[in-house]
Amino acid sequence: MAASRTLRIGLIPGDGIGREVIPAGRRILEALPSSLGLKFSFVDLEAGFDTFKQTGVALPDRTVETLKKECDGALFGAVSSPVTATKGYSSPIVALRKKLDLFANVRPVKSVAPSAAYPDPIDLVTVRENTEDLYVKEERSYDTPDGPVAEAIKRISHKASTRIATIAGEIAARRARVRQGLGDTSKQAMVTVTHKSNVLPQTDGLFRSASFAALAAQRFQDAGVKVEEQIIDSMLYKLVLQPAYYDVIVAPNLYGDLLSDTAAALVSSLGLVPSANVGDGIVIGEPCHGSAPDIAGKGISNPIATLRSVALMLDFLDLEEAASKIYAAVDANLADGKLLTPDMGGKAKTDEVVEDVIRRL
Ligand code: ATP
Ligand code: MG
């Protein structure tokens, strides 16, 4: 039996269906077999639009401080954003990414079953740099004789590019190791570096060169990780035409934003796609969907994106075995197809899906 390890996990349900899926995440952690030697302690934390309405603050200091000082990992549900700008309110997850320096946004996308459009299995991960690029939000505008002009800074650093490419390499190596363990030889371990350095030789050129340098590390070569590049426009084109080809795709912030949503659209429901926000010393699992006000409170939200986010969080805490068990149990539930939520064409409630996945652990 593995040595016992206790992990402290922050739970931030947020708004809407976040309040239904985050408890599901907690349940799956509590249901992990004791032979893994893992114990979890949980701390409930507040953030979101409801919190803002009650307290005037969307992201309380206690939430940030507790995550920083106490937590190994956390699960973040979803927050609703008011349609019209609300004075004093801004997205707490965006603020959290800044305050905790969560520099990588990682999204695995996996198909449930072959479809007419995509007969080959899709199983890829987008790795998006999360701290710089155009999203530094340094904009200015000014008047000219020809009318107003606006401009924005696109900042790319060697440091941020190196660390995002490194984490992409680590993910590719880990995935290769897991496939090897399963005797699965169907996929070449690979990182595709995506950029537009033909047009932006300085900014995207730096992203490209720093990424290639980081990915040339011996440990990635030893793991059999191939490195290739793809200009972002043809990347999106090929992603839609032949997604089965790709393994790990790494991109600066803006391209990564577009890529990760496009990739998620390749596999039916938003309710299936997990993500992780990764920083030094903490990882926050977060389902990709929003607060889904149209179905909130009905008990029918799909918990799978959250259950997979839990597994992804465990991956980054180096708890590969526990993560693999959750992935496999989720895959078995989907393959069986008998207990699915309405977004997947089924009739099951959130809790019934969670119970089915737990049975399969
Ligand atoms: P928000 O502003 O919080 O993003 P939204 O109205 O954009 O809210 P999303 O959560 O982004 O809603 O969801 C878009 C659509 O996908 C909605 O119709 C929602 O019901 C559906 N959906 C999203 N997540 C899930 C889920 N986990 N289970 C079932 N359906 C979902
Ligand atoms: Mg939305």
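A short reminder: the numbers here are calculations on the coordinates, not readings from a lab. Just so it is clear, the structure is predicted and the values come from calculations on it, not from any experiment. All Cβ positions, even for glycine, are placed from backbone atoms using ideal geometry, and neighbour counts span all protein chains on display.
Result for the chain in a Gaussian network model with C-alpha springs under 10 Å: among 279, 88, 299, the largest mean-square fluctuation is at 88. Taking the average, over residues, of other Cβ atoms within 10 Å as the packing measure, peptides 157-170, 338-351 rank 157-170, 338-351 from highest down. A DSSP coil position with no more than 16 other Cβ atoms inside 10 Å describes the following trypsin sites (Lys or Arg not before Pro) in the range 72-120: 87.
Could you order peptides 175-182, 309-316, 192-199 by the average number of other Cβ atoms within 10 Å of their residues, highest first?
309-316, 192-199, 175-182
When both bridge partners sit in the chain, DSSP labels roughly 40% of those beta bridges antiparallel.
The aspartates and glutamates whose alpha-carbon is closer than 12 Å to the alpha-carbon of residue 137, local same-chain residues fewer than 8 away aside, are 151.
Hey, got a sec? Which chymotrypsin sites (Phe, Trp or Tyr not before Pro) in the range 1-74 land in a DSSP loop and have at most 14 other Cβ atoms within 10 Å?
none
Considering only Cα atoms, the convex hull volume of the range 113-266 works out to 121 Å³ per residue. Measuring against 28 Å, Cα to Cα, the residue pairs 53/325; 39/347; 110/325; 187/325 contain 53/325; 39/347 as the ones spanning a longer distance.
Would you please name the chymotrypsin sites (Phe, Trp or Tyr not before Pro) within the range 161-222 that are DSSP coil residues with at most 15 other C-beta atoms within 10 Å of their C-beta? Show your work: numbers first, answer last.
Working: sites: 207, 212, 220; in loops: none.
When the chymotrypsin sites (Phe, Trp or Tyr not before Pro) of the range 161-222 are filtered for loop state and at most 15 Cβ neighbours within 10 Å, nothing remains.
Note on the range 177-209 and the range 293-315: Cα centroid distance 28 Å, given to the nearest whole angstrom.
How do 186, 80, 275 line up, fewest other C-beta atoms within 10 Å first? List each step's numbers first, then the result.
Details: 186 9, 80 19, 275 26.
The fewest-first ordering by Cβ neighbours comes to 186, 80, 275.
Extents of the chain, taken as max minus min of Cα coordinates on every principal axis and listed largest first, are 66, 53, 44 Å. Within the range 1-69, all pairs of alpha-carbon atoms sorted by distance into 10 Å bins from zero give the percentages 19, 41, 28, 11, 2.
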